[in-house]
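The values are calculated or read from the model by the stated rules, or taken from the named source; none is laboratory data. It should be emphasised that the depicted structure is a prediction, and the values quoted were computed from it without experimental measurement. Cβ: placed from backbone, ideal geometry, glycine included. Neighbour counts: every protein chain shown. Side chains are part of the model used for accessible areas, which takes the heavy atoms of the whole protein and leaves out ligands, DNA and RNA. Shrake-Rupley method; radii C 1.70, N 1.55, O 1.52, S 1.80 Å.
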Amino acid sequence: MSVDNPTKTGQLGERELVTLMALLMSLQAFGIDSMLPALGVMADELSAFGNDRQYVISSYFLGAGLGAFFPGAFADKFGRRPVLFVALGAYITLSLACAVVTDFWWLIGLRFIQGVACAGLSVVPAAIVRDHVGGDRMARLMSLIMMVFLIVPIIAPAIGQLILMVADWRGIFVAMAVMGLAVALWVWLRLPETLTAANEQDIRPITILRNMKEALAKRESVGYVIGSALVFGSLFGFLNSSQQLIAESFGAGDYFALIFGASIIGMVLANFLNSRIVEKYGARRVGHAALIGFLFVSLAQLWSASTGEQTLYEFVPLLSLSMAMLGFVGANFSSVAMQPFQHIAGAASSIQTSIRMTTGAVMGALIGQAYDGTAGPLAAAMVVCSCLGLVCVLFSERGKLFRAPGAARRYMQMHKNY
């Protein structure tokens, strides 16, 4: 089903669908990136010490990963809209709860619960897109969604800093609630239900487990899920330690929001370019090239950090190049992994998102806690993660990269019972 024709998709045309899916996903990003400038202030006021401040980020990531197991199954039974409204209501309510907390560990607990309860914001948009299109067309739409989505990580730290100029860090949580309310209103007014009766699933435990097993059992999919989880784990490691790295290691705290935004621009440009080329060259070919590019850029970052004299002017361009490679990896690996699962799109999106988020949260926390005042641990983790990710993709592709789109489909069909 094409999303170009609004009569086939309810009220939404392609542009509005892309924008709304991006905004739903961006609520998660805003809930993380807007916090970054305030981590030091939170730590001082709530008496957190050392790297403990990073738990404000990693607890949310971990909750979102664990919580992602559940929304897809419910979305396959009750529809996409009800699950979205539960997640949006939890996002608004728990943001306001975080705004009034007075104990650091209570804040960490609420952030974890918020991540669990709002996991549908990450899971359901991918299922909605898969309800409409598949294959390289899905990769193009996911690239457009990511391009719009990434505007939020670029501006969120700046919004956080602006709020700190006129209020304390609690105002950031209030801003999260307001943003959530605005998106919820848009969903209520404009988003039609996209689950069809033919794809409706029951929610008996045996059915949920069967669908999740199916989503993990296909060799052509699972390597892309785990591979993307590994490489994005290094991104989560950067998010956890970015405030300390930029403000303390490089002494550029006053320019944190600007530097953080600059590092993300490469990812935005990559998603824009991907939306233009992926249907011509195929999600596999573009994604494979990007993963190899990520490995080489990571090696350059590790070499730069190992000299002991790395400057901000060396770190940021290399980081931006890494983010650009991740921009190509994210949309393409996600579309390849989701391709076989239109009939269980919600369950597949759930289990895949959960693996990515949980793996990324754990790895990000470990990488963040390894922070030693330099970019060395982050760069080393990026190299290791990209190598392991490449191994996973080679497993799914049976040792051969850069297949043409048609050739890849025929090859997988020949081995569907492997």
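Structure notes:
- Considering only G389, G31, G251, the mean-square fluctuation computed in a Gaussian network model of the chain, springs between alpha carbons under 10 angstrom, is largest for G251.
- Couplings 3J(HN,Hα) of segment 252-261, computed from phi: 10, x, 5, 10, 3, 4, 5, 5, 4, x Hz, in residue order, whole Hz [Karplus 6.51 cos²θ - 1.76 cosθ + 1.60, θ = phi - 60°; x for Gly and Pro].
- Correct option for volume of the Cα convex hull per residue in Å³ [calculated from the coordinates] among (i) 155; (ii) 202; (iii) 122: (iii)
- Put simply, the convex hull of the Cα atoms in segment 280-384 casts, on average, a shadow of 7.6 nm².
- Rg [Å, one decimal], Dmax [Å, integer] - segment 120-252, C-alpha atoms: 19.5, 57
- nm² value of the averaged projected area, convex hull over the Cα atoms of segment 173-240: 8.2 nm²
- The phi torsions of segment 97-105, fed into the Karplus equation with coefficients 6.51, -1.76 and 1.60 and a -60° offset, translate into couplings of 5, 5, 5, 10, 6, 10, 10, 4, 6 Hz, rounded to whole numbers, with Gly and Pro shown as x.
- Computed about the Cα centre, the dipole magnitude for segment 132-218 is approximately 180 debye when only Lys and Arg (+1) and Asp and Glu (-1) carry charge, each at its Cβ.
- Charge dipole (Cα centre; +1 on Lys/Arg Cβ, -1 on Asp/Glu Cβ; no other charges) of segment 229-353 amounts to roughly 600 debye.
- Surface per residue (accessible, 1.4 Å probe) for segment 1-160, Å²: 32 Å²
- Ellipsoid semi-axes in whole angstrom, largest first, where each is sqrt(5λ) of the Cα gyration tensor of segment 85-192: 29, 17, 13
- Given charges at Cβ of Lys, Arg, Asp, Glu: the chain dipole, positive-most of L150, S249, Y55: L150
- Taking every C-alpha pair closer than 8 Å and separated by at least 6 residues, the mean separation divided by the residue count of segment 110-249 gives a relative contact order of 16 percent.
- Average Cα contact separation per residue, the chain, under 8 Å, 6 or more apart, as relative contact order %: 27 percent
- Rolling a 1.4 Å probe over the protein heavy atoms leaves R356 with an accessible area of roughly 50 Å².
- Segment 319-336 - phi-based ³J(HN,Hα) in whole Hz, Karplus 6.51/-1.76/1.60, Gly and Pro as x: 5, 5, 5, 4, 5, 4, 4, 5, x, 5, 5, x, 5, 6, 5, 5, 5, 5
- Among A64, A139, A43, the residue with the largest mean-square fluctuation in a Gaussian network model of the chain, with springs joining Cα atoms closer than 10 Å, is A43.
- Toward the positive end of the charge dipole of the chain, with +1 on the Cβ of Lys and Arg and -1 on the Cβ of Asp and Glu, the farthest Cα among W169, A64, V316 is that of A64.
- In a simple Cβ point-charge model (Lys, Arg +1; Asp, Glu -1; nothing else charged), segment 34-165 has a dipole of about 540 debye relative to its Cα centre.
- Other residues whose C-beta falls under 13 angstrom from the C-beta of A126 contribute a net charge of +1, scoring Lys and Arg +1 and Asp and Glu -1.
- Normalised convex hull volume, segment 169-326, alpha-carbon set, Å³ per residue: 203 Å³
- Compactness of segment 1-139 - radius of gyration and Dmax, Cα, Å: 17.4, 56
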